[in-house]
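Just so it is clear, none of the values below were taken in a lab; they were calculated from the coordinates. Please read all numbers here as calculations on a predicted model, not as lab measurements. Don't worry about glycine lacking a Cβ; one is built from the backbone with ideal geometry, like all the others, and counts go over all protein chains shown.
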């Protein structure tokens, strides 16, 4: 059986990749994809802990809820990106900078 | 099953909000063809009835009955939830009235906005009541997702869209970090229940690992209360959003964020130590973490506010500074701190929404949010200038007004806890804050306007709203006793005594 540590390494790597993507990507859709990585790294943690700890099923339920919420959030985020694209004609975050100061 | 049915009877304000939400959605669909004015009036009427119903029932529920956990230990119905419920209802009622008077929302269909407002109000109550890690995350995201849409409500306005995009990107990253932290906390404690978390943490010392987890979770909570360094969204979102939504964000989610902060840290990470004090468990010094957040938040908010020329941006930084002041009270580690936060929020509600009301009414005539556009207001409308003066003095914390009382609670709690240096930092910050509040007043009273100066006219709704918000600010000191009695309930956290 694969030990717990391996799951945690993967989730930590995914989380770091997600944060790295959020900080370096300039395209709004790419940033959203990086955010999905962050959510899913937490999901791996939750399910792995739930599998390895005796009698703790809550983590799997939590992970299901996180998937639902992440889908809602992605839907809203993409709607906002679409709406901004109609006004601005691109989705580059550096150009969405009229609010500054 | 019987638990769920029994819980429903303690759940009346939320049920009323949900019923109003269903009616608003259906009524919005049925009135699509009707003229805008009549449909908007109908929908706001329904929303107002729902919110008033929730306010009355939550006021009646305050302090009635024993504290108990609802829905299989997902929510707690205790004094803290009892005190926060009316705060959320009042905020939403004022925001509803403001959105009827806002120039930005004129000629826009308000149906979805009202449905979202009702959703968020109910979700804020779930936030304040949650005692389970799943529930904390779920309610926090419900509030977030609905407010992202509210911020971007003016879909053809570039600033509104831009603000919404920034909000959702920052929001998703900070809640993602919080979620990662929650998943690690679940791994450490093998339970999702806050009391279970406390019991598991009390058994061992987790040290730096736990502190790392807490920093991640503080990112999510700090995002909601707009605490530095998780505040970057705040000025941009406040500027770009429709002003009634800005007013809502500056009070509602901030209050709920503090409720979650109290629940999470005071219940999940500390155990009662007698005499109303609590002692952290698990070997992580989160008091230090909160103190650092408080000092950075206050100082950054106040210093950045000095440089602003846009009044919405200025109020954004001022709301960050107020969050810092309340964070000071959260460092106290006793029930006194909880009461100070509740009292501060109850007063902050009236002073901050008051300031935003003046901003919205002024925008109707000037069409601008720049502070310079307020020049000559003393001659154009002494009434509005005096009202703004009262709200700003209250925000400053000058004695006859209620804001002084709010500051008094916080500083008394901080000093009683022996954190004198923190109180000194707080007082210095309050002195800095006076500069930028007075700057607005100086422009209103002393500066001469160059262009034509028509006198301002108000509808009866405007006057009613101003009176509603001015009275608590002016008579705050008279109500000290009753405020004390009401916020006393906030200390009766489930089990914390």
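Okay, here's what the table says:
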item	result
Convex hull of Cα atoms in chain A, direction-averaged projection (nm²)	7.9 nm²
Cα centroid of the stretch B:10-32 to Cα centroid of the stretch A:51-101, whole Å	26 Å
Kirkwood estimate for chain B, i.e. one over the average of 1/r between Cα atoms, Å	22.8 Å
Gap separating the Cα centres of the stretch B:89-136 and the stretch B:203-245, nearest whole Å	21 Å
Highest-fluctuation residue, A:62, A:15, A:39 considered, GNM on chain A with Cα pairs under 10 Å	A:62
The stretch B:21-85 pair-distance distribution - Cα-Cα, 5 Å bins, rounded %	3, 16, 18, 15, 11, 11, 11, 8, 5, 1
Value of Rg to Rh for the stretch B:211-276 (Rh from inverse mean 1/r over Cα pairs, i.e. Kirkwood)	1.10
Average Cα contact separation per residue, chain B, under 8 Å, 6 or more apart, as relative contact order %	16 percent
Span from the the stretch B:322-379 Cα centroid across to the the stretch B:153-168 one, whole angstrom	23 Å
The protein assembly as shown, helix-only ellipticity at 222 nm - DSSP H runs n ≥ 4, -39,500 (n - 2.57), divided by all residues, nearest 500	-25000 deg cm²/dmol
Fewest-first ranking of B:363, B:231, A:6, B:322, using other Cβ atoms within 10 Å as the exposure measure	A:6, B:363, B:231, B:322
Per-residue Cβ neighbour rank within 10 angstrom, fewest leading, B:331, A:72	A:72, B:331
Rounded FRET efficiency, nearest 0.05, which uses the C-beta distance separating residue A:71 from residue A:9 and R0 of 25 Å	0.40
For B:103, B:312, A:89, B:224, order by how many other beta-carbon atoms lie within 10 Å, fewest first	A:89, B:103, B:312, B:224
Average other protein chain Cβ within 10 Å of Cβ, residues A:14-24	2
Calculated diffusion of the protein assembly as shown, Stokes-Einstein form, Kirkwood radius summed over Cα pairs, 20 °C and 1.002 mPa s, µm²/s	88 µm²/s
FRET efficiency for residue A:51 and residue B:19, using Cβ-Cβ distance with R0 set to 30 Å, rounded to 0.05	0.15
